[in-house]
Amino acid sequence: MSLPEIVSHEQWLQAREALLEKEKAMTRARDELSAARRRLPMVEITKDYRFEGPEGACGLIDLFEGRRQLILGHFMFHPEWEDGCPSCSAGADEVADGLREHLAIRDTTLGGIKQEITLVFTDVRGFTTIAESADPDMLMRQTSRYFSVLTEAFLAEGGTVDKFIGDAVMVFWNAPHPQPDHVARACRAVLAAKAAGERLNAEFEAEGLTPFFTRFGIHVGEAVVGNVGSTERMNYTALGNTVNLAARLEGLNKQAGTAVLVSENVYLRVRDQFEFRALDAVVAKGMTKETRIFELVGVSA
């Protein structure tokens, strides 16, 4: 058995000093890396975007600690693939362009701008009661199918799906890309989503599941649109009274006995393109001004 090498006290101090210097260097490197990350314009990409190459399917996912970082413009992409995948390297620009076009985000700094948008809020009637008696796993699967059908209708009309809130969806038009016909787009999308939801409910009932009856609220007005959150995590969203009123309109369906309610602003913009039924003027919850509301019935003949 070999004996450990005997070192002098001076040698021990030198070794200890060297180790401390290494630890300080590592700490400085970590601090510099953290600072650099905070300075980088980041956008969170939560969807797995894929394309086919000669070596098979490859993906791009948002990983803060990626194996390999690809910085293009205002985006930071973290490739999932291992080094040495030629098709991934060659296709990175193509995928990046597709992401940029799909997300349509040009600036990832915190803050926003005031602009006119059309907002839609949805909600499932009696979802809390449904959730009480449903199997959680089955409910999750059913809700995912439901969201897929709705978002397909919204995206077909160029909507920006902001978020899913429980059983609700928030989506808006005219941002980030200008859409001169954004009010009409929102109305068409809601009618398409309503019809798609009815077809899906027929499937649910055939499978012994409780149907999801959707209520919609549509409003157009000015809101602040941009990135909200922190430098580490942000969300592209809309804020303001316009957003609140769109949400309140959705809730008013319950007392009106309707499925789709729109504000007077929406009605005045597209009354020549769609059929509406005038209802009473109301003061929505949390609001101070009276609002005339209309039921969206369908597309004009």
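The values are calculated or read from the model by the stated rules, or taken from the named source; none is laboratory data. Source: prediction; values computed, not measured. Cβ sites come from the backbone with ideal geometry, for glycine too, and all protein chains shown count toward neighbours.
Tabulated values for the structure
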{"item": "Matching entry among G226, G217, G208, G240 (being within 22 Å of the chain's Cα centre (by Cα), within 29 Å of M140 (Cβ to Cβ) and not hydroxyl-bearing (S, T, Y))", "result": "G217"}
{"item": "Qualifying strands (runs of 3 or more DSSP E) (wholly inside region 188-296; at least 3 residues being at pLDDT 95 or above and under 20 Å from A168 (Cβ atoms))", "result": "214-229, 260-263"}
